[in-house]
Amino acid sequence: GLYPEGDGSKNLRKGMPEAGRLIGICARSGMGIISCSARYQSDTFFLTFDTLDMTEIERLTSKGTNRINRYADWQNVADYAMARIARHLPEDRRGYYSF
């Protein structure tokens with residue numbers, strides 16, 4: 001389990017680039033990555049699972065090898081994962097990823 005935003009807050013915060021790095025490493029190693037959104041509504045606890053697109057992760061991390069680009073790539077991957085999680089949450093809980 002991994003909280004890409006760095007904590008278990010009720011509203012999503014901006015994902016951490018280090019989480020994007022880990023997601024990218026796992027994707028390059030051929031591991032399937034599944035996200036999970038959790039919410040509690042009307043006395044019912046909901047879990048929604050979603051598979052991250054390995055091709056999209058690869059596309060987001062193919063910009064270059066210098067440190068600045070890698071950091072930006074990792075942030076892009078974290079943002080991609082968090083946006084996928086956010087779409088399964090109520091609008092008032094999407095936080096940074098409310099579009």
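Between M31 and F49, what length in nm is gained on full extension when 0.36 nm per residue of separation is reduced by their alpha carbon distance?
Details: separation 18, 0.36 × 18 = 6.48 nm, distance 1.59 nm.
Between M31 and F49, full extension yields an extra 4.9 nm.
At 1.4 Å probe size, with no ligands or nucleic acids counted, give the accessible surface of L22 in Å², nearest ten.
80 Å²
Using alpha carbons only, how many degrees (0 to 90, rounded to 10) separate the axis of helix 67-86 from the longest principal axis of the chain?
Orientation of helix 67-86: about 20 degrees from the principal axis.
So how strong a dipole does the chain carry about its Cα centre when Lys and Arg Cβ are +1 and Asp and Glu Cβ are -1, to the nearest 20 debye?
The dipole of the chain has a size of about 260 debye.
Probe of 1.4 angstrom, ligands and nucleic acids ignored: what's the accessible area per residue over the chain, in square angstrom? It would help to have the intermediate numbers written out before the result.
Values: 6570 Å² over 99 residues.
In whole numbers, the chain has 66 Å² accessible per residue.
Contact order normalised by length for the chain, with contacts defined as Cα pairs under 8 Å and 6 or more residues apart; what percent is it?
37 percent
Over 23 Å apart: what share of the alpha carbon pairs of the chain falls there, rounded to a whole percent?
Details: 1186 of 4851 pairs.
Of all Cα-Cα pairs in the chain, 24 percent lie more than 23 Å apart.
Can you tell me the length gained on complete extension of the stretch K14 to Y40, counting 0.36 nm per residue apart and subtracting the Cα distance? Walk me through the numbers before you get to the answer.
Details: separation 26, 0.36 × 26 = 9.36 nm, distance 2.14 nm.
Length difference between fully extended and current span is 7.2 nm.
Where does each of T55, T44 land when they are ordered by accessible area, with a 1.4 Å probe and the largest first?
Details: T55 100, T44 60 Å².
From most accessible down to least: T55, T44.
Sort I25, I34 from largest to smallest accessible area, using a 1.4 Å probe on the heavy atoms of the protein chains.
I34, I25
If exposed means no more than 15 neighbouring beta carbons inside 10 Å and the site is in a DSSP loop, what's the longest run of the chain without any exposed trypsin sites (Lys or Arg not before Pro)? Write down the numbers at each step before the final one.
On the way: sites that count: K10, R13, K14, K63, R87.
Between the exposed loop sites, the longest stretch runs 15-62.
Put D73, D79, D43 in order of accessible area, largest first, 1.4 Å probe: what do you get? Write out the running numbers ahead of the final one.
Numbers: D73 5, D79 40, D43 130 Å².
Per-residue accessible area, sorted high to low, gives D43, D79, D73.
What angle do you read, to the nearest 10 degrees and between 0 and 90, between the alpha-carbon axis of helix 17-28 and the longest principal axis of the chain?
So the helix axis and the longest Cα principal axis differ by about 70 degrees.
How much of the accessible area of the chain, probe 1.4 Å, is carbon plus sulfur, in whole percent?
Working: 3410 of 6570 Å².
Carbon-and-sulfur percentage of accessible area, whole number: 52.
The values are calculated or read from the model by the stated rules, or taken from the named source; none is laboratory data. In this text the structure is predicted, and so the values were computed from the model without any measurement. Backbone-built Cβ (ideal geometry, glycine too); neighbour counts: all protein chains shown. What goes into the accessible areas is simple: the full protein's heavy atoms, side chains included, and nothing from ligands, DNA or RNA. Shrake-Rupley method; radii C 1.70, N 1.55, O 1.52, S 1.80 Å.
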